[in-house]
Amino acid sequence: MNIKYPRSEMLIVLGEKNYAVYTDVTLDVISRAKEKASRNDDLAFNIAKRKNGSFWYPSCGDPIIWTTALINKRVIKAILEVPKPKVKLDYSDDNYDDVPF
């Protein structure tokens with residue numbers, strides 16, 4: 001199973017505001033793309049958005065909608081690596097009807 005999750009956070013400046021944009025590519029891929037591009041080039045990334053069209057963030061509680069966006073190299077100010085999500089899967093056949101939630 002291939003689960004798509006955010007791997008990097010880009011801090012971008014649009015107008016006078018700073019935004020955190022989550023993408024599914026690694027920090028190395030973004031760095032290499034920035035090195036090869038000239039100052040005014042647009043870079044294509046899959047970014048995480050919410051259902052209402054705003055940028056997704058980890059504590060919003062909404063599911064991720066992946067969208068391809070062109071982001072100009074000049075507006076990317078910082079790139080941060082996002083740790084892998086920790087997920088515990090229980091494949092047991094136990095009946096959990098008696099467990100209070």
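Of everything in the stretch 60-90, what is among the polar types (S, T, N, Q) and closer than 14 Å to residue 9 by Cα? Give them in sequence order. Working first, answer last.
Looking only at the stretch 60-90, we keep the residues that are among the polar types (S, T, N, Q), and these are 67-68, 72.
Scanning the stretch 60-90 gives no hits.
Selection of the stretch 1-58 for residues being under 12 Å from residue 71 (Cβ atoms) and among the basic types (Lys, Arg) yields only 34. Taken over the stretch 69-101, residues that are part of a strand (DSSP E or B) and either in contact with a Lys or Arg (Cβ under 8 Å, 6 or more places away or on another chain) or modelled with pLDDT under 90 (or both) amount to 2. Summed over the stretch 32-61, the residues that are among the small types (Gly, Ala, Ser) and either under 16 Å from residue 72 (Cβ atoms) or touching a helix residue (DSSP H, G or I) at 6+ places or on another chain (Cβ under 7 Å) (or both) give a count of 4.
Filtering 51, 84, 34 for residues that are more than 13 Å from residue 7 (Cα to Cα) and either surrounded by fewer than 11 Cβ atoms within 10 Å (Cβ to Cβ) or of a type in the set (Ser, Thr, Tyr) (or both) leaves a single hit, 51.
Each residue in the stretch 22-68 was checked for being closer than 23 Å to residue 84 by Cβ, among the small types (Gly, Ala, Ser) and assigned to a loop (DSSP other than H, G, I, E, B), and 2 pass.
The values are calculated or read from the model by the stated rules, or taken from the named source; none is laboratory data. It should be emphasised that the depicted structure is a prediction, and the values quoted were computed from it without experimental measurement. All Cβ positions, glycine included, derive from the backbone under ideal geometry; neighbour counts span all protein chains shown.
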